[in-house]
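Below: the structure, in structure tokens.
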Amino acid sequence: MPDVQLLADPRRECLIGSRCRRCETYYFPPEHRQCRNPHCGQAELDEVALSRTGAIWSYTNACVSPPEPYVRRNPFVPFAIAAVLLEQERLLVLGPVVADVAVERLRIGMQMELVIEASAAEDAADEILWKWRPV
Ligand SMILES: [Zn+2]
């Protein structure tokens, strides 16, 4: 799982990405070795706290359990997935939607915010997940 930073205030939890020092391209999961922009190639990237909100760019539902290394719930429960465009970074971050929001409720452009949840899987006691929920 990519880096998640947990702060004392649970409303301020955020994902950690990286940003190129030269062309300011953002990456999530964070890129640490070299900027992937073919016109840049800068080797110095900084870790940055990513925005916690954005708008749905696309969405779907997951009706089949993903393959390993996905941590499975048993039994598998279908869930919605949203690609959220972060406002400031103009970066798409894909993630599951909180369980009480069905795919039928989602709309392109809907404002979403990041939440951090403990995994419900039996064998994932220490796992945490980032999810999206409507603002
Ligand atoms: Zn760059």
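Throughout, read-outs are computed from the coordinates displayed, never taken from laboratory work. As the structure is a computational prediction, the values presented were derived from the model and not from experiment. As a convention, Cβ positions derive from the backbone with ideal geometry for all residues, glycine included, and neighbour counts pool all protein chains shown.
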Item to check | Placed amide H near Trp57: partners under 5 Å, 5+ positions off or other chain | outcome: Ala83, Val84, Leu85, Gly109
Item to check | Pairwise label distance in nanometres, Glu24 with Thr53, each label 7 Å out on the Cα-Cβ vector | outcome: 2.1 nm
Checklist entry - For the stretch 23-64, which trypsin sites (Lys or Arg not before Pro) are in a loop by DSSP, counting at most 15 other Cβ atoms within 10 Å? => result Arg33, Arg36
Item to check | Förster radius 35 Å - calculated FRET efficiency between Arg36 and Glu117, Cβ distance, rounded to 0.05 | outcome: 0.70
Checklist outcome for this item: Among the stretch 91-110, those whose backbone N falls under 15 Å of a label point 7 Å along Cα→Cβ from Val135 are 91, 107-110
